[in-house]
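Take a look at the structure set out below.
The values are calculated or read from the model by the stated rules, or taken from the named source; none is laboratory data. Quick caveat, the model's predicted, so the values are computed rather than measured. As a convention, Cβ positions derive from the backbone with ideal geometry for all residues, glycine included, and neighbour counts pool all protein chains shown. Ligands, DNA and RNA are excluded from the accessible area calculation, which covers all protein heavy atoms including side chains. Shrake-Rupley method; radii C 1.70, N 1.55, O 1.52, S 1.80 Å.
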Amino acid sequence: MNLRISTMLLCFLVTGLAKAEITLPKIFSNEMVLQRETNVLLYGWADPNEEFTIYTSWNDATVVVKTGNNAKWEVTVETPKAGGPFQIRFKGKTNEITLKDVLIGEVWLCSGQSNMEWSANSKIANKDVEIANANYPTIRLFSVAKRTSKYPQKDVSGTWVTCSPESMQDFSAVAYFFARRVQEELNIPIGLIDNAWGASSAEVWTPESVFKAHPELVESHKKIVPNKWVTIEKSSLYNGMIAPLTKFKIGGALWYQGESNTANAENYQKLFSNMITSWRTAWQDDFPFYYVQIAPFNYDDEFSGGIVRDQQRRTLSLTNTGMAMTSDICTVEDIHPLNKQDVGLRLANIALKDYYNLLQGQEVYGPLYASSEITGNQIVIKFNHADGLFNKGKKLNLFEISNEKGQWFAAKARIKNGAVIVSSKEVKNPKAVRYAWRSTDIGTLFNAVGLPASTFISE
């Protein structure tokens, strides 16, 4: 037998053995967290038509699994109440895999651009103390490696690790502070999947199906300017980083993004709402989706930041969503506010109240525009989440009203009986009202618990 034939035979044997082994997606590893009290899908690859067993220690049960001709397998297992550590053992013809230190709890997918990706090492408030105290053995962290793809992929790169000062400092700070607060109330394991990429627009996180159904979003996407940090090719991060996880059961999603969509701000609600819906469709689950309203910042365009903030407010019309306002914990000179603690806290409080049914009686939102009524030359504005409405500044400003020609004028504003009444000498017949509409506008209107009112326009 010559050397060439020997080499080919060896390659064939090695390849055959590799295909015969049970293989798991990277999202399944030691120290992982599985979603509690639900049906969780375990899945992967093995030899075509191979039969093997899966043992789960939480119920001391073994199931027999058989792959199809496509070498894929999947099985649904029922998870118990929160707890652990547990083991999952996969035993086949040629290999055996045992996942150890598996916890059962709550799993959250955390995505967006740089403010979600931002870690303690990237500089946050009180950095050294936060890192030193990040010992939470039942908070587990999974960082998805940055990948792009033209087509939906089946796997991601990454591994689960226990939250510690060493692992926390390079992980999403917002996600960490969210988990710390949720665990404080629930006292159960929390799994976080950090799946963010700085400077990314929402289009890259949205599947191709959305653009096929809404061609106007394809046109809108053309306004996004290329940058040096991430591709702007639509669907590319969805394909490479979201699609591979859609079989993995999650409790909910967190999102911090919008700064990179100031170029096409007017279409953000449509894009964002369809993105959320497409993710839920892919997971076959109407999971809670909580997001951060972008903070005021000195963008090149005078109004684009305000428009995105209002578009995010309008996205609340989509079921099972929540928005944390941040206009009071920022500076307009820094697109990456250092106070990530309060961002995580506000997201967590929304989840604790709206999803976990705790904190009842506690307000977790800032004032949100509800309605407006034109009375003569005045407009009376009513808000939801407005108990104890007050103004922090000397004057209640940043309100504007428009006339019949659509021209906007600064308005005088006052609070009366929980509503805001606005008027302007220049406008005898007002048609609409808006608040904190400029990109750099930091409002002074708050409710009793100290949460800021959202940017809005009544049109």
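Values as computed for the structure displayed
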| read-out | value |
| --- | --- |
| Rounded percent of accessible protein surface that carbon and sulfur make up, the chain, 1.4 Å probe | 49 |
| Theoretical gain in end-to-end length, T319 to K392 [0.36 nm per residue, Cα-Cα removed] | 23.1 nm |
| Amide H contacts under 5 Å for I190, placed H, 5+ residues apart | E106, I139, R140 |
| Rounded to 10°, Cα long-axis angle of helix 340-354 versus longest principal axis of the chain | 80 |
| Phi to ³J(HN,Hα) by Karplus 6.51 cos²θ - 1.76 cosθ + 1.60 over segment 396-406, Hz, x for Gly, Pro | 8, 10, 6, 8, 9, 10, 10, 9, 4, 8, x |
| Rh by Kirkwood over Cα pairs, then Stokes-Einstein D for segment 71-227 at 1.306 mPa s and 10 °C, µm²/s | 87 |
| Residues whose placed amide H lies under 5 Å from that of I27, excluding near-sequence neighbours | V156 |
| Reachable aspartates and glutamates from K416, criterion Cα separation under 16 angstrom, eight or more residues apart if same chain | E373, D387 |
| Difference of contour (0.36 nm per residue) and Cα-Cα distance, T98 to E74 | 7.0 nm |
| Potential lengthening between N187 and E51 on full extension [0.36 nm per residue; Cα-Cα distance subtracted] | 45.1 nm |
| Area of I131 that stays accessible when all protein chains are in place (1.4 Å probe, Å², to 10) | 20 |
| Sparse-neighbour loop sites [GluC sites (Glu not before Pro); segment 277-370; at most 16 other C-beta within 10 Å; DSSP] | E302, E333 |
| Cα gyration tensor category, rounded, prolate or oblate, for segment 31-124 with a/c compared to 1.5 | prolate |
| Whether segment 282-346 is rounded, prolate or oblate, judged on the alpha carbon gyration tensor where a/c under 1.5 counts as rounded | oblate |
| Helix axis angle, 268-283 relative to the chain longest principal axis, alpha carbon, degrees | 30 |
| ³J(HN,Hα), Karplus 6.51/-1.76/1.60, whole Hz, each residue of segment 446-458, x for Gly, Pro | 9, 9, 4, 8, x, 9, x, 6, 7, 3, 7, 9, 7 |
| Relative contact order (percent, whole number), the chain, Cα cutoff 8 Å, 6+ residue spacing | 13 |
| Correct choice for semi-axes √(5λ) of the Cα gyration tensor in Å that was computed from the model, options (1) 47, 24, 19; (2) 40, 36, 19; (3) 33, 33, 22 | (1) |
| Burial ranking of peptide ranges 364-373, 351-360 (average Cβ count within 10 Å, highest at the top) | 364-373, 351-360 |
| Local electrostatic count, A370, Cβ distance below 12 Å [Lys/Arg +1, Asp/Glu -1] | +1 |
| Calculated FRET value between E208 and E37, using beta carbons and R₀ = 45 Å, to 0.05 | 0.85 |
| Angle between the chain longest axis and helix 304-314 axis [Cα atoms, degrees, rounded to 10] | 70 |
| In Hz, Karplus ³J(HN,Hα) per residue of segment 322-327 (6.51, -1.76, 1.60; θ = phi - 60°; x = Gly, Pro) | x, 10, 9, 8, 9, 5 |
| At q = 0.14 Å⁻¹, base-10 log of I(q)/I(0) for segment 236-372 (Debye sum, equal scatterers on each alpha carbon) | -0.70 |
| Over 18 Å (Cα to Cα) - which of K123/K353; K154/K247; K146/K222; K127/K228 fall in this group | K123/K353; K146/K222; K127/K228 |
| Value at 222 nm in deg cm²/dmol, rounded to 500, when DSSP H runs of n ≥ 4 in the chain each add -39,500 (n - 2.57) | -6500 deg cm²/dmol |
